[in-house]
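Q: My questions all concern the structure below.
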Amino acid sequence: TIILTDIAGNEKTYSFRIKKYAPAVSIFTSSTMELKNGATTRENFYFSWSESSVTATLNGKLYTNKSVIKTAGNHVFIISDNVGNTAYYNIILDNVPPTFTLNGVEQGGRTNNDVSLTWDEIGATATIDKIAYTSGAIIDLEGLHQFILSDALGNQVVIDFEIDKTPPSYTLVGVSLG
């Protein structure tokens with residue numbers, strides 16, 4: 001509050017509030033887990049605020065309060081109030097399984113060759129038939145197999161295949177070999 005007085009003694013009172021903080025923002029995943037600025041998540045998420053008279057953008061486009069973000073990538077959120085207080089947020093959405101190369105067989109296929117799986121993503125791990133697997137190791141054991149490749153956030157891909165190196169069996173009837 002400020003009171004102005006002129007030489008004649010006339011007074012005028014003004015009340016005002018100085019706002020020096022950006023609007024408060026919360027970030028939640030679809031499962032209502034709260035995220036911190038700079039976080040990486042594999043769940044869809046949204047920004048939420050209660051203050052009115054704000055302008056919010058996501059990756060340079062206007063953003064509506066609590067709109068769910070589903071697209072993988074780095075997301076930059078900026079919110080400003082009507083007096084110019086601004087806050088910046090950065091969240092990475094990684095909801096994509098790791099990429100891989102399957103050697104010796106097609107996904108879901110059958111082969112009589114050795115098989116291997118390779119990947120480059122740092123922090124990714126794999127199992128073959130529920131046993132830890134190292135990128136590029138050769139699998140030559142006959143039978144049905146399943147790779148599960150997971151990244152550090154838990155995104156995963158399942159790769160099924162079969163190795164069959166046994167020649168077909170046969171029985172000759174009425175003919176002798178040789």
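The values are calculated or read from the model by the stated rules, or taken from the named source; none is laboratory data. For clarity, every value in this text was computed on a predicted model and none was experimentally measured. As a convention, Cβ positions derive from the backbone with ideal geometry for all residues, glycine included, and neighbour counts pool all protein chains shown. Calculation scope for accessible area: heavy atoms of the full protein, side chains included, ligands and nucleic acids excluded. Shrake-Rupley method; radii C 1.70, N 1.55, O 1.52, S 1.80 Å.
Here's the yes/no breakdown for (1) out of contact with any His (no Cβ under 9 Å at 6 or more places or on another chain); (2) at pLDDT 95 or above; (3) over 30 Å from Ile139 (Cβ atoms); (4) of a type in the set (Ser, Thr, Tyr):
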residue: Ala8; (1), (2), (3), (4): yes, no, yes, no
residue: Ile18; (1), (2), (3), (4): yes, no, yes, no
residue: Met33; (1), (2), (3), (4): yes, no, yes, no
residue: Tyr46; (1), (2), (3), (4): yes, yes, yes, yes
residue: His75; (1), (2), (3), (4): yes, yes, yes, no
residue: Gly84; (1), (2), (3), (4): yes, no, yes, no
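Q: How many residues, within segment 109-119, are open to solvent by less than 60 Å² (accessible area, probe 1.4 Å), more than 24 Å from the chain's Cα centre (by Cα) and of a type outside the set (Ser, Thr, Tyr)? Can you show your working first?
A: Pass one, segment 109-119, residues open to solvent by less than 60 Å² (accessible area, probe 1.4 Å): 109, 111, 115-119.
Now restrict to residues that are more than 24 Å from the chain's Cα centre (by Cα): 109, 111, 115-116.
Next, from what is left, pick out any that are of a type outside the set (Ser, Thr, Tyr): 109, 115.
Total meeting the criteria: 2.
Yes/no matrix, rows are residues, columns are (1) open to solvent by 60 Å² or more (accessible area, probe 1.4 Å); (2) in contact with a Phe, Trp or Tyr (Cβ under 6 Å, 6 or more places away or on another chain); (3) within 30 Å of Ser150 (Cα to Cα); (4) of a type in the set (D, E, K, R):
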{"site": "Thr1", "(1), (2), (3), (4)": "yes, no, no, no"}
{"site": "Gly9", "(1), (2), (3), (4)": "no, no, no, no"}
{"site": "Ala22", "(1), (2), (3), (4)": "no, no, no, no"}
{"site": "Ile69", "(1), (2), (3), (4)": "no, yes, yes, no"}
{"site": "Ile78", "(1), (2), (3), (4)": "no, yes, no, no"}
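Q: Moving on. If only one of Gly84, Gly73 is free of Cβ contacts under 8 Å to residues at least 12 places away in the same chain, within 30 Å of Ser53 (Cβ to Cβ) and either touching a Lys or Arg at 6+ places or on another chain (Cβ under 6 Å) or loosely packed, with under 14 Cβ neighbours inside 10 Å (or both), which one is it?
A: On the way: Gly73 fails: free of Cβ contacts under 8 Å to residues at least 12 places away in the same chain.
Step by step, each of Gly84, Gly73 is checked, and only Gly84 is free of Cβ contacts under 8 Å to residues at least 12 places away in the same chain, within 30 Å of Ser53 (Cβ to Cβ) and either touching a Lys or Arg at 6+ places or on another chain (Cβ under 6 Å) or loosely packed, with under 14 Cβ neighbours inside 10 Å (or both).
Q: Please pick out the residue among Lys19, Lys66 that is over 21 Å from the mean Cα position of the chain (by Cα), in contact (Cβ under 8 Å) with a residue 12 or more places away in the chain and assigned to a loop (DSSP other than H, G, I, E, B).
A: Criteria check complete, one pass: Lys19.
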